[in-house]
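The values are calculated or read from the model by the stated rules, or taken from the named source; none is laboratory data. None of the values given here were measured: they were computed from a predicted structure. Because the Cβ atoms are built from the backbone with ideal geometry, glycine has one as well, and the counts that use them run over all protein chains shown. Side chains included, ligands, DNA and RNA excluded: accessible areas come from the protein's heavy atoms. Shrake-Rupley method; radii C 1.70, N 1.55, O 1.52, S 1.80 Å.
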Amino acid sequence: MESREFGAIPKELWHSKELIFRLSKNDFKTKFAGSYLGTVWAFIQPIVTVLVYWFVFEKGLKAGGISTHSGISVPFVLWLVAGLVPWFFFQDALTGGANSLIEYSYLVKKVVFKISILPVVKLISALFVHLFFITFTLVLYCAYHRYPDLYTLQIIYYTFAMFVLTLGLAYLTCAIMIFFRDLSQIINIVLQVGVWMTPIMWNINTIELPPVLITIFKLNPMYYIVTGYRDALINKVWFWEHASTTLYFWILTGLVLALGMIVFRRLKVHFADVL
């Protein structure tokens, strides 16, 4: 039973791939409809956030350079951006995915519409912004004379890994959100804490922490993603060199995706009634 439930959604997504892309473009455009700058706002807010953190840490707190786990010294702004860019996507995609069924409630009530595509629509909409910030990051690195190489291509792998993880969480949370609207506030709180627990703003390699606490931090799947972006851009380390953490990430992500799809399919019959 569970295997059929898990396999049904991927089939629906594959058969609706053209519709998903069209809806994703429309979602991205309409998100800022009516404003003078339009979709430009999608890029302004994250850039301002990066500038604020850079000013506070590097200029205000005199963070200076960062020494990575590979012993490489890098300007703080480069180290910060490599961690913030994937987090921006995760935050935007999870928030949008969790609220996708409520936002598109008029489509959920249509019997013939495949509502399983709605979380994916939100994730791809967030991916458009993410691709811009990857480009922005590469340009910033070039300005510091750190140019792309073969290691940089790993960003594609880590983006895919993050997409799959977020998709599983989106299916799980959007299904529960309809019955428990307070989940939206819980997600916001978790994201506020998560940006510090990943960690993104501070270097876990330079602060003395109990081994148990370090292990807990590393169990966070977004730690794998953020570290991966920094490995691709700064440390120049291949993802297969972290075999154990890579295996752990994909086992956990597979379980989250399977759970999310099964819960979504089980609760799907009640969505229209509750909305």
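What do you get for Rg/Rh over the chain if you use C-alpha atoms and the Kirkwood form of Rh? Provide the component values of the computation, followed by the final result.
Values: Rg = 19.5 Å, Rh = 19.9 Å.
That ratio equals 0.98.
On a full-extension model of 0.36 nm per residue, what is the gain between residue 21 and residue 218, subtracting their alpha-carbon distance, rounded to one decimal in nm?
67.5 nm
Quick one: length gained pulling residue 238 to residue 114 fully straight, 0.36 nm per residue minus the C-alpha distance? If you can, show how the numbers build up before the last one.
Working: separation 124, 0.36 × 124 = 44.64 nm, distance 3.85 nm.
Fully extending the segment from residue 238 to residue 114 adds 40.8 nm.
Round to a whole number: what % of the accessible area of segment 232-275 belongs to carbon and sulfur, probe 1.4 Å? It would help to have the intermediate numbers written out before the result.
Numbers: 1680 of 2370 Å².
For segment 232-275, the apolar C and S fraction of the accessible surface comes to 71 percent.
Quick check on my link table: of 25/268; 31/268; 29/109; 11/114; 17/122; 29/110, which ones sit more than 21 Å apart, alpha carbon to alpha carbon?
Where the Cα-Cα span goes over 21 Å, the pairs concerned are 25/268; 31/268; 29/109; 29/110.
Tell me the per residue accessible area of segment 117-275 using a 1.4 Å probe; a whole number in Å² is fine.
The answer is 47 Å² per residue.
Between the helical axis of 243-267 and the dominant principal axis of the chain, each derived from Cα atoms, what acute angle in degrees is found, rounded to the nearest 10?
20 degrees
Would you mind calculating the relative contact order of the chain from Cα pairs under 8 angstrom and at least 6 residues apart, reporting the percent as a whole number?
Relative contact order comes out at 26 percent.
For n ≥ 4 DSSP H runs only, could you compute -39500 (n - 2.57) per run for the chain, divide by its residues and tell me the 222 nm figure to the nearest 500?
-22000 deg cm²/dmol
With a Förster radius of 51 Å, plug the Cβ-Cβ distance of residue 135 and residue 272 into 1/(1 + (r/R0)^6) and report the FRET value to the nearest 0.05.
Efficiency, rounded to the nearest 0.05: 0.80.
Any chance you could run the full-extension gain for residue 185 through residue 128? It's 0.36 nm times the residue separation minus the Cα-Cα distance, nm to one decimal.
Once the chain is fully extended between residue 185 and residue 128, it gains 18.0 nm.
Give me the angle, in degrees from 0 to 90, between the Cα long axis of helix 154-177 and the longest principal axis of the Cα atoms of the chain, rounded to the nearest 10.
40 degrees
Relative to the longest principal axis of the chain, what angle (0 to 90°, nearest 10) does the C-alpha long axis of helix 118-143 take?
Value to nearest ten degrees: 20.
Give me log10 I(q)/I(0) at q = 0.14, 0.21 Å⁻¹ for segment 199-263, Debye formula, one equal scatterer per alpha-carbon, no solvent.
Rounded to two decimals, the profile gives -0.49, -0.97.
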